[in-house]
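Scroll down for the structure; my scribbles are underneath it.
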Amino acid sequence: MEQKIQLYSLATPNGQKVSIALEEMNLPYDAHTINILKGDQFTDEFIAINPNSKIPAIVDSGHAVFESGAILIYLAQKSGMFLPKDPLNYSKVMQWLFFQVGGVGPMFGQFGHFFKYAKDKCDHPYPIKRYTDETKRLLAVVNEQLKKNEFIAGPEITIADFATMPWIVCLDKFYQASTQLELESFNYVNNWVKNLLSRPRIQKGMNVCQI
């Protein structure tokens, strides 16, 4: 009998990407909460899985995988789901996955840091303006893409959607930045988020490893 995948995560946007994928792919897994506020990510046991001390990470039959984008690709290839085999469509998904990993995640995260968490440490207006402008620019890129496509990489749902949607939800849910970012103006993004969140498995995946 095949062993269950072991997920080590927290219900942050990066963690939610992987739990969503596991749920949508119907892959058996055990979830282990890594409380980064308590420093669980710096224990020897977790560093043995992820030397970078970040969530999420998985172990599949003794094989450890870290970095959320790499985990999504691994799971998609394992399950044969949510990643096209056609080279051109595969390339499109990779482009939007890397767009999230290299752009959306880091920029949205920096926005949230300065807008919500560092107000008592930095009162200079530059960081908030810089990351507000860049977050809105990236949202506009996603909005334009969704104006032409039902899902972020084309007509079918893929791991690129799983990667990006939790970060957009985070802007309002965790950062309370709906007004700052004028989120209501990104109509196609909002409809896409609503569509994805209507899927029961995505809803379940969003709530794995809550604290």
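The values are calculated or read from the model by the stated rules, or taken from the named source; none is laboratory data. It should be emphasised that the depicted structure is a prediction, and the values quoted were computed from it without experimental measurement. Methodologically, a virtual Cβ is constructed for each residue, glycine included, from the backbone with ideal geometry; neighbour enumeration extends over all protein chains shown.
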Aliphatic (A, V, I, L, M), buried (at least 18 other Cβ atoms within 10 Å of the Cβ), more than 20 Å from PHE151 (Cα to Cα) and in contact with a His (Cβ under 7 Å, 6 or more places away or on another chain), is that true of LEU27?
no
Take GLN110 and decide whether it is free of Cβ contacts under 8 Å to residues at least 60 places away in the same chain and not in a loop (DSSP other than H, G, I, E, B).
yes
Residues of region 90-107 being touching a residue at least 40 places away in the same chain (Cβ under 8 Å) and either in contact with a helix residue (DSSP H, G or I) (Cβ under 7 Å, 6 or more places away or on another chain) or not assigned by TED's automatic domain parsing to the domain that holds GLU150 (or both), which ones?
VAL93, TRP96, LEU97, GLN100, VAL101, VAL104, GLY105
Hits in region 53-73 - residues which are in a loop (DSSP other than H, G, I, E, B) and touching a residue at least 40 places away in the same chain (Cβ under 8 Å):
LYS54, ILE55, PRO56, SER61
Filter region 113-141 down to the residues that are over 24 Å from the mean Cα position of the chain (by Cα) and outside any helix (DSSP H, G or I), then identify the one that is nearest to THR179 (Cα to Cα).
LYS119
Within region 57-72, identify whether any single residue is of a type outside the set (S, T, N, Q), within 16 Å of ILE157 (Cβ to Cβ) and not assigned by TED's automatic domain parsing to the domain that holds LYS136, and answer yes or no.
yes
